[in-house]
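Student: Following this message is one structure expressed as structure tokens.
The values are calculated or read from the model by the stated rules, or taken from the named source; none is laboratory data. Only a predicted model underlies this, so the values are computations on that prediction, with no experimental measurement involved. Here the Cβ positions follow ideal geometry from the backbone for every residue, glycine too, while neighbour counts run over all protein chains shown. Just the protein is used for accessible areas: all its heavy atoms, side chains included, with ligands, DNA and RNA removed. Shrake-Rupley method; radii C 1.70, N 1.55, O 1.52, S 1.80 Å.
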Amino acid sequence: MQAAEMNAIRAAEGLLALSQQEELVDLPNYPMSASEDEGDSDGERKHQKLLESIGSLNGKNRWKLAERSEASLKVSEFNVSSEGSGEKLVLSDLLEPVKTSSSLAAVKKQLSRVKSKKAVELPLDKEEVERIHREIAFNKTSQTLSKWDPIVLKNRQAEQLVFPLEKEQSDSVPIEHVFSSWKPRTPLEQEVFNLLHKNKQPVTDPLLTPMEKASLKAMSLEEAKMRRAELQRARALQSYYEARARREKKIKSKKYHKIVKKGKAKKALKEFEQLWKVNPVAAIKELEKIEKARMMERMSLKHQNSGKWAKSKAIMAKYDLEARQAMQEQLAKNKELTQKLQVVSESEEEEKGAEEEELLVPDVVNEVQMFADGSNPWMLRNCNSDAKGEIQKPEQPPEPVVQEFSESEEDERPGAEEEILLQEFEERRSLRKRSELNQNAEPVGSQETKDSGTQEVLSELKALTQKLKQKKHQSSKQKVSSGGTILQVQREECALEEEEPLLLQRPERAQTLEDLEDIAHEKYSQNKELPRPVLKGDRTERNPNNQTDAPKGKKKKEQMIDLQNLLTTKSPSVKSLAVPTAIEELEDEEEKHQKQIIKEAFAGDDVIKDFLKEKKEAVEASKPKDVDLTLPGWGEWGGIGLKPSAKKRRRFLIKAPKGPPRKDKNLPNVIINEKRNIHAAAHQVRVLPYPFTHHKQFERTIQTPIGSTWNTQRAFQKLTTPRVVTKPGHIIKPIKAEDVGYSSSSRSDLSVTQSNPK
Amino acid sequence: MKVKMLSRNPDNYVRETKLDLQRVPRNYDPTLHPFEVPREYVRALNATKLERVFAKPFLASLDGHRDGVNCLAKHPKSLATVLSGACDGEVRIWNLTKRKCIRTIQAHEGFVRGICTRFCGTSFFTVGDDKTVKQWKMDGPGYGEEEEPLHTILGKTVYTGIDHHWKDPAFATCGQQVDIWDEQRTSPICSMTWGFDSINSVKFNPIETFLLGSCASDRNIVLYDMRQATPLKKVILDMRTNTICWNPMEAFIFTAANEDYNLYTFDMRALDTPVMVHMDHVSAVLDVDYCPTGKEFVSASFDKSIRIFPVDKSRSREVYHTRRMQHVICVCWTADSRYIMCGSDEMNIRLWKAHASEKLGVLASRERAAQDYNRKLKEKFQHYPQIRRIACHRHLPKSIYSQIQEQRVMREARRRKELNRRKHSKPGSVPVVSERKKHVLAVVK
């Protein structure tokens, strides 16, 4: 029995192996393979026969091999045929030729192996074979079915499934086909058609004309990128300049504008100089332009103090200094504009210069005479400068410059002045900003810091005003060199830098002890730092400020120390809890001390008493109440001040039954609330529902509303999408392999069945 | 001076057409809309109540048969057409929109055991007690023509069931063995047997179309491979399976309707444990059919009711019954997944809605949105006791109700006994067997 089983198993293994080999094929065709052998070539058949005969040599064969007969009875020397003669082939006969040649060693070996082999095993009984077949078929089928696993899983987990699954094919023809089939008939149509086709308007999807495509091709990607970057830069610059211009436009200071104007003029002059050197023709053109402007000015009465405004000003000029100045400015401008520009050659320069002097002097004289005001500082300065110019002229190297701007020193000085002024403006602006910031920070920052901040700002302002005054002095005296002022400005700046951290700290609120300590440290360091500018000693205004700062810092420090003292007084008691000390007396003392402290701290409230009271109340509240049904006035006298009699009250008082004993009756330190809200409980979930693993998870899902009252329309739609969507009136067909992207077998099941019948 | 004006984009407040609703700007600030959970809870409660109020699933009864309806088949191409075979050998074709019988054929002598339509919908096959398989044209005979089958195959044994292949011109019959026929031939191209008992029904797998399942009266379910012409595996349950139905969306899942009041959903590849045991019926389950979406199935029972089960739940979500409906023999779910048909002993075919409170007809978009919202609310608050109480409440005829009670008592007694046995015997000698494994006797390879 066992042997038979073994055989069966071996055969099954063989079949399994066979099936595995054939896995790639759609179906196993082992039933077919046996029948196909018949069609093989002669040689193979003979070989087969040989093997069979060899096999039959073994005497233990239990069944007779079916002999195959051939049509011909001929026996040729090339064919081995056992039929007819009845004689048996002997292995030794076969081996005879083998002995001679050593090249047939392999064959010999095989033959010897064949000789040693035992008989072929018994075939399995039908049931066994069928079982094996079934098993193989089942394995195969489950393999083919397992390809559906991912799809099934996906569909089970899908948020939404829309049925029917297969997409409906649209019957609409693409528009280009419609176009191509259409042909123009009327002349108008033809005309339009021609126009359209001249441009080669595209009909299909990439909506680009051939021209556009060509242009696209012409520009490479890198070029395009570079261009884009350039454009971007240009745009950014433009916007920056625009913003700057707007900002500058808003500045109301006349002085500033004057300075700017002067700067511009100077710049123009420089440019002109350069242009003259580089490109004289262009320069001449420029000159011509100026000349033209001069002519226009001469023609017009614009700056001649003959307008309405000028006349009114002339009336006022007697009393108003400003009006006078304004008129004078007008005239000066006129003079400027009407002054003849002369391009001078180097040789002629001196003469021309002299001529100009002649020209210049009378004008000034005229003006002075006109207003007859010698004390006018403007005029004075003008005169001075002119005089200077006269003095310096001979020393100057000859230059091809417009004569108007020939006073180089004069120009330089205002240039420096202008820079300084600009910086001053900057400073002021930053100061203003800071003061604003301070105001913002006020509610957050502590009182002291705020005070000091405002003081600082004030001192800053003072310093600035002083400096301005100084500057005025300097400008009038023209003693201080521009370098000096710059130095001063730098110093100013460094002072500002030092102050900044103090300002930055303000918005932070100190809440914990550590914070306070940190602040104190910072304060200290600042105090250390602050004396530095004082040592340098160029601004006396700072000193009082610093002095005010310093004592405050000290105060702070003292406060901190106090706090620390407090802490140190407390700390030993804390330590005593952690580290048991040997000296008990000390401990006792400490304990006493601590108890005292606690007593002092909680002097007002008695917790235990409160708790007992609370519990008493709870017990009272939970007790069932008696019902008093007495009606005053029934069966006796009634009225104000009369109470129903005790007898009556006793009669109509319904005593409440004693409730069950409280659960916390024997637990003195506990209050158990036995009241459960039944009405609420009816609406509450008692056990955690299945898919949830934690009650918080469940609560969260319940707490997120899904209605449109709380969600936007889109979110609402998303939250309420149904799991399965079906179209009414549409047949839902079973899922197909093609629907999900698998290729189904091309052969029909029927044809396969017919090809291997049973 | 630049004047800054307040301006509004007309797109925000002008409606496109007169028929549009006025736009109402909404502020979603949660402080303005407090009590989200209680409000939604109330909404959910109302929705649940309304669902029960509108739950009127019964649509129509198609009467005309003169004997109990034994089998039903749906038309593969037309939703409105349904075929039914009766116990007197009569086949009727019904139009559901008109709710009328459009054709009557006296197909067999004795029972019409099985009926199936061809995949193209041009013809249908019937098998009867008279040992014949007949193919009929779907359209009626022309004027003056006689009502005759296209083909008639006379077999040697009684055929008890028939099913058509989903793609190829082949069909399978069952009786003594499972035969697979080519439509053009009068003899089966292959017949498969495993065991000797008669086979009740045979069903083709709609997805992997070469697979078949059959159930025999010797309590087993056998799977076949048509291409290799071999049975694959056999599972023996503790009672007879009346019929099986394959899931149309999941190739390896099928559900078996069993005599032991339960339905078993199997994964074809692991037959030793059913994926789910569906238990709610109180008598033998006679027929089962899947919803075309593959998410639910309907079962017909001898207890005069039909039940709808979700595939992944062991309990039914719905039970339909009427006073006049007797033992339900056959059931089918229409191809648009909206309706259920059932044929019963008392000669009627009944049409039900698949979702009892669903509104039929075209829905406005707002209506649909409200419906979706309500559905979601019900789902969200389904675990709340008040809501569950209302949602799960069903009226049952007294017979079924009392049966349920009785069976509960029986089950409890059995459980208690097992517990006691386990308690009083050597530990491990009475093992705990899960409900799923309990009903599978053996799997034969």
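Student: Only Cα pairs under 8 Å and at least 6 apart count here; give the relative contact order of the range B:72-283 as a rounded whole percent. The partial results should precede the final answer.
Tutor: Numbers: 551 pairs, mean separation 19.6, N = 212.
Answer for the range B:72-283 is 9 percent.
Student: Provide the per residue accessible area, probe 1.4 Å, for chain B, rounded to a whole number of square angstrom. Numbers along the way, then the final one.
Tutor: Details: 21850 Å² over 445 residues.
Here the per-residue accessible area is 49 Å².
Student: Here's another thing I want to ask about it. Looking only at other chains, what is the average number of their beta-carbon atoms within 10 angstrom of each beta-carbon in A:706-712?
Tutor: Numbers: counts 9, 8, 5, 8, 7, 1, 2.
Shielding by partners across A:706-712 averages 6.
Student: At 1.4 Å probe size, what's the solvent-accessible area of A:Val670? Round to the nearest 10 Å².
Tutor: Accessible area of A:Val670: about 60 Å².
Student: Hey, got the average number of other protein chain Cβ atoms within 10 angstrom for residues in B:28-35? Provide the component values of the computation, followed by the final result.
Tutor: On the way: counts 6, 0, 2, 0, 2, 4, 0, 1.
Averaged over the peptide's residues, the number is 2.
Student: Compute the relative contact order of chain B as a whole-number percentage, counting only Cα pairs closer than 8 Å that sit 6 or more residues apart in sequence.
Tutor: Numbers: 1004 pairs, mean separation 57.8, N = 445.
Relative contact order for chain B comes out at 13 percent.
Student: Counting only other residues whose beta carbon sits under 13 Å from that of A:Ile608, what net charge do I get with K and R as +1, D and E as -1?
Tutor: Working: positive: A:Lys609, A:Lys613, A:Lys615, A:Lys616; negative: A:Asp605, A:Asp606, A:Asp610, A:Glu614.
Net of charged neighbours comes to 0.
Student: Which FRET efficiency, nearest 0.05, do B:His393 and A:Ile598 yield, Cβ-Cβ r, R0 51 Å?
Tutor: Details: r = 62 Å, r/R0 = 1.23.
The formula returns an efficiency of 0.25 here.
Student: Could you compute Rg(Cα) / (2.2 N^0.38 Å) for chain B, with N its residue count?
Tutor: Working: Rg = 26.5 Å, N = 445, 2.2 N^0.38 = 22.3 Å.
Relative to the rule-of-thumb radius for its length, chain B sits at 1.19.
Student: Could you tell me which of the pairs A:Lys736/B:Lys437; A:Lys250/A:Lys318; A:Lys126/A:Lys736; A:Lys46/A:Lys117; B:Lys74/B:Lys156; A:Lys736/B:Lys353 are separated by over 30 angstrom between their Cα atoms in the structure shown? Can you show the working numbers first?
Tutor: Values: A:Lys736/B:Lys437 32 Å; A:Lys250/A:Lys318 33 Å; A:Lys126/A:Lys736 37 Å; A:Lys46/A:Lys117 21 Å; B:Lys74/B:Lys156 28 Å; A:Lys736/B:Lys353 27 Å.
Flagged as over cut-off: A:Lys736/B:Lys437; A:Lys250/A:Lys318; A:Lys126/A:Lys736.
Student: How do A:Trp276, A:Trp710, B:Trp94, B:Trp166 rank by accessible surface area computed with a 1.4 Å probe, from largest to smallest? Let's see the in-between values first.
Tutor: Numbers: A:Trp276 60, A:Trp710 30, B:Trp94 5, B:Trp166 110 Å².
Order by accessible area, largest first: B:Trp166, A:Trp276, A:Trp710, B:Trp94.
Student: If you take the accessible area of B alone, add that of A alone, and subtract the area of the pair, what total do you get in Å², probe 1.4 Å, to the nearest 100? Let's see the in-between values first.
Tutor: On the way: alone 24780 and 61820 Å², together 80570 Å².
That pair of chains buries around 6000 Å² in total.
Student: Given that compact globular proteins tend to follow 2.2 N^0.38 Å, what is the ratio of the alpha-carbon Rg of the range B:72-283 to that value? Each step should come with its number before you reach the end.
Tutor: Details: Rg = 17.2 Å, N = 212, 2.2 N^0.38 = 16.8 Å.
Working it through for the range B:72-283, the quotient is 1.02.
Student: Determine the distance separating the Cα centre of the range A:230-301 from the Cα centre of the range B:97-118; give it in Å without decimals.
Tutor: Using only Cα atoms to place each centre, the spacing works out to 103 Å.
Student: Let me see the pair-distance distribution of the range B:63-197: every alpha carbon pair, 5 Å bin width, integer percents in order.
Tutor: Calculated over all Cα pairs of the range B:63-197, the distribution is 2, 11, 21, 23, 21, 13, 6, 2, 1, 0 percent.
Student: Further, regarding this structure: Sort A:144-156, A:636-648 by packing, meaning the average of other beta carbons within 10 Å per residue, with the highest value first.
Tutor: Working: A:144-156: 15.3, A:636-648: 10.2.
Most protected by this proxy first, the peptides run A:144-156, A:636-648.
Student: Still on this model: How large is ³J(HN,Hα), in whole Hz, for each residue of the range B:241-250 in order, when computed from phi with the Karplus curve 6.51 cos²θ - 1.76 cosθ + 1.60 and θ = phi - 60°, using x for Gly and Pro?
Tutor: My calculation for the range B:241-250 gives 9, 7, 7, 10, 9, 7, 6, x, 10, 10 Hz in order.
Student: Take chain B, connect every pair of alpha-carbon atoms lying under 10 Å apart with a spring to form a Gaussian network, then pick out the residue of B:Cys330, B:Cys245, B:Cys392 with the largest mean-square fluctuation.
Tutor: Per the Cα network of chain B with a 10 Å cutoff, B:Cys392 tops the list.
Student: Let me ask something else about it. With a Förster radius of 60 Å, plug the Cβ-Cβ distance of A:Lys46 and A:Arg723 into 1/(1 + (r/R0)^6) and report the FRET value to the nearest 0.05.
Tutor: Working: r = 71 Å, r/R0 = 1.18.
After rounding to 0.05, the efficiency reads 0.25.
Student: Right, next: Any chance you could run the full-extension gain for A:Ser142 through A:Lys609? It's 0.36 nm times the residue separation minus the Cα-Cα distance, nm to one decimal. Don't skip to the end; give the middle numbers.
Tutor: Numbers: separation 467, 0.36 × 467 = 168.12 nm, distance 7.73 nm.
Extending this stretch completely gives an extra 160.4 nm.
Student: Now for a different question. Go ahead and estimate [θ] at 222 nm for chain B from helices alone: -39,500 (n - 2.57) per DSSP H run with n ≥ 4, summed, over the residue count, rounded to 500. It would help to have the intermediate numbers written out before the result.
Tutor: Numbers: 5 runs with 73 residues, N = 445.
Roughly -5500 deg cm²/dmol at 222 nm, from the helical runs in chain B.
Student: Output the residues of the range A:134-148 meeting this criterion: accessible area (heavy atoms, 1.4 Å probe) in the chain alone minus accessible area with all protein chains in place is 40 Å² or greater.
Tutor: A:Arg134, A:Ala137, A:Phe138, A:Thr141, A:Leu145, A:Trp148
Student: Modelled label-to-label distance, B:Lys438 and A:Val278, 7 Å Cα→beta-carbon offset: nm?
Tutor: Between B:Lys438 and A:Val278, the label points sit 10.3 nm apart.
Student: In terms of the ratio Rg/(2.2 N^0.38 Å) built on C-alpha atoms, what value belongs to the range B:60-136?
Tutor: Details: Rg = 11.5 Å, N = 77, 2.2 N^0.38 = 11.5 Å.
Relative to the rule-of-thumb radius for its length, the range B:60-136 sits at 1.01.
Student: As a test of understanding, state the convex hull volume per residue of the range B:226-351 from its alpha carbons, in Å³. If you can, show how the numbers build up before the last one.
Tutor: Numbers: hull volume 14.3 nm³, N = 126.
Spread over its residues, the Cα hull of the range B:226-351 gives 113 Å³ apiece.
Student: Computed from the mean reciprocal separation of all distinct C-alpha pairs, what Kirkwood hydrodynamic radius does the range B:175-289 have, in Å?
Tutor: Final number for the Kirkwood radius of the range B:175-289 is 14.3 Å.
Student: So who's got an amide H within less than 5 Å of the one on B:Phe254, skipping anything under 5 residues away but keeping other chains? H placed 1.01 Å off N, in plane.
Tutor: For B:Phe254, whose amide H was placed from the backbone, the distant partners under 5 Å are B:Asn247, B:Phe266, B:Met268.
Student: For chain B, modelled as a Gaussian network with Cα springs under 10 Å, which listed residue fluctuates most, B:Ile387, B:Ile349, B:Ile253?
Tutor: Evaluated over chain B, the most mobile residue of the options is B:Ile387.
Student: Checking the table A:Lys718/B:Lys18; A:Lys147/B:Lys167; A:Lys225/B:Lys2 against a 30 Å threshold on Cα-Cα, which pairs fail? Could you put the intermediate results ahead of the total?
Tutor: On the way: A:Lys718/B:Lys18 28 Å; A:Lys147/B:Lys167 20 Å; A:Lys225/B:Lys2 38 Å.
Checking Cα-Cα distances, A:Lys225/B:Lys2 exceed 30 Å.
Student: For B:Ala60 paired with A:Leu153, estimate the spin-label separation in nm (one decimal), with each label point 7 Å from Cα along the Cα-to-Cβ line.
Tutor: Label-label distance for B:Ala60 and A:Leu153, simple model: 4.5 nm.
Student: Which cross-chain or sequence-distant (5 or more) residues have an amide H under 5 Å from the amide H of B:Arg219, H modelled 1.01 Å from N in plane?
Tutor: B:Thr241
Student: Provide a whole-number value for the mean count of partner chain Cβ atoms within 10 Å of the Cβ atoms in peptide A:730-740. List each step's numbers first, then the result.
Tutor: Working: counts 5, 11, 10, 6, 14, 9, 5, 3, 0, 0, 0.
Average per residue, whole number: 6.
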